[in-house]
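Reviewing the structure listed below.
The values are calculated or read from the model by the stated rules, or taken from the named source; none is laboratory data. Every value quoted in this text rests on a predicted model; they were computed, and no experiment measured them. A quick note on method: Cβ atoms are made from the backbone with ideal geometry, for glycine too, and the neighbour counts reach across all protein chains shown.
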Amino acid sequence: MAKELQIFLLWNNARKEEKRILDDIKQKYELLRIFEISWPEKSFPNNFTRFYNKNMRGGYRKTRECGRGKFLLVIGWDNSPVYKLNPRRGYEINDNAVRNKNRYRQWTGGGFLVHASDNLAEVDENLLLTLGLNRKEFEEKYTSPWDGNTIEIEKPMPGYKSWKHLEELFNFAHKIKEIRKLRLVNNRLELQCSDKPKACRFLNLRKPLLCFDKNRYYTKIDGKKVKVIFEN
């Protein structure tokens, strides 16, 4: 099988074993980049909710477990991916990623302080929510091997609290393959997609208070609420 991108995330509370984990990753993967990412402290519950597809209460639990400080995003090539069917999930996952992730979790105390992408769909999601890039953009931007330096990034997850402007939202939505159409009509956004929960999670859409219309949501652009309507 052709080589493919592999992602590991060392949340802040895992960094006590950072050197040991990175030394192991360097032996097994062709490293491309290591990023040290800072999110605003207050954003972590919302960010974990979006990243792991949990409810907000799960986001708070994840924040307590993993910490609110700087974390490492480690990206490299797995030159020999090995896929096996996971009966519980119903699809194939990269056994290399799973075995190494479990090893690193043991090293950090047996919790869930280390994340790994175990298939290419998860790579796509992880890149979008951490760097705002899709896989093609990342591969085109970072072609050289890792030079030993860590790239520091201090910015919130895309769309946290509010999108800066309409163009930022449209550019991000364009990278989500499940979104078929997004347009602004009469000061409201009309959205068509094949996966409504994913669209809500990635675009950070929210339900209006006491709204029972299953197709009506809102997002914020430049700090102002904008109505979002899902179309069939």
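From the list I21, I34, the one residue that fits, being in the same structural domain as T108 (by TED's automatic domain parsing), surrounded by 19 or more Cβ atoms within 10 Å (Cβ to Cβ) and in a helix (DSSP H, G or I), is I21.
In segment 96-121, the residue that is surrounded by the most Cβ atoms within 10 Å (Cβ to Cβ) out of those that are over 17 Å from the mean Cα position of the chain (by Cα), under 18 Å from N86 (Cβ atoms) and of a type in the set (S, T, N, Q) is N100. Filtered by the rule that a residue be loosely packed, with under 15 Cβ neighbours inside 10 Å and within 14 Å of K177 (Cβ to Cβ), segment 122-154 gives K136, E137.
Among the residues of segment 79-130, the one identified as at pLDDT below 95, farther than 28 Å from L203 by Cα and aromatic (F, W, Y) is Y83.
For the list (1) closer than 20 Å to R135 by Cα; (2) free of Cβ contacts under 8 Å to residues at least 24 places away in the same chain; (3) not hydroxyl-bearing (S, T, Y), I need the number of the one condition that F202 fails. (2) is the only condition that F202 fails. Candidates R50, R89: the one that is of a type in the set (K, R) and surrounded by 14 or more Cβ atoms within 10 Å (Cβ to Cβ) is R50. When F212, F170 are checked against the criterion of being aromatic (F, W, Y) and either within 22 Å of F35 (Cβ to Cβ) or in contact with a Leu (Cβ under 8 Å, 6 or more places away or on another chain) (or both), F170 stands alone in meeting it. Of the residues making up segment 192-232, those that are among the basic types (K, R), farther than 15 Å from N55 by Cα and surrounded by 13 or more Cβ atoms within 10 Å (Cβ to Cβ) number 4.
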